[in-house]
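Input: a single structure, listed below in structure tokens.
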Amino acid sequence: MSGSTVGAPDGYSADSDTMQSAAGAIKEAADDAKSNVEKTGNTELTEQDFGEAHTKWHQKYSAGVEEIDAGATEMCVMLSSFAAQIKQARAEYDQAEAQQQAAIQNLERDM
């Protein structure tokens, strides 16, 4: 039985280094986006910038900008959280792999 392996079904694989790389890329993208999002929170346009005929729309415009900011900020938070979950999954995957490899080695030794 020495040398036998159990493989993942066709088309499926897991690689903890890839998981780590993906988590890093997601976190980096979220951090980059966050620095841009922080610039969108408050509009610099005033009612006067809208022109006399359109000043009534400034309040809705400002509220809309604030909603976009809140949504984009939350997206960055969620992406960072997702990256952390991938890192945690990687750690759990590595631990499970080590345990399974040890179990196989123990079985092979006992045979």
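Where a number appears in this text, it was derived from the coordinates with a stated rule and is not lab data. Keep in mind the model is a prediction, meaning the values are calculated, not measured. Ideal geometry is used to build each Cβ from the backbone, glycine not excepted, and the neighbour counts take in all protein chains shown.
So here's what we get for this one:
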item	result
Among 80, 13, 35, residue whose mean-square fluctuation peaks in a GNM of the chain (springs only between Cα atoms under 10 Å)	13
Local electrostatic count at residue 45 - Lys and Arg +1, Asp and Glu -1, tallied over other residues with Cβ under 15 Å	-3
Cα shape, the chain, gyration tensor, a/c 1.5 rule	prolate
0 to 90° range, to nearest 10: angle between helix 16-37 axis and the chain longest Cα axis	10 degrees
Within the chain: Cβ-based charge dipole about Cα centre, in debye rounded to nearest 20 (Lys, Arg +1; Asp, Glu -1)	160 debye
Non-local Lys pairs in the chain, i.e. 8 or more apart or on different chains, that have alpha carbons under 23 Å apart	4
Rounded tilt (10° steps) of 58-110 against the dominant C-alpha axis of the chain	0 degrees
Proximal charge balance of residue 56 [Cβ under 14 Å; K/R count +1, D/E count -1]	-2
Net charge of Cβ neighbours under 13 Å - reference residue 15; Lys, Arg +1; Asp, Glu -1	-2
Charge dipole of the chain about the Cα centre (unit charges at C-beta), most positive-ward option of 65, 54, 85	85
Burial ranking of peptide ranges 72-78, 54-60 (average Cβ count within 10 Å, highest at the top)	72-78, 54-60
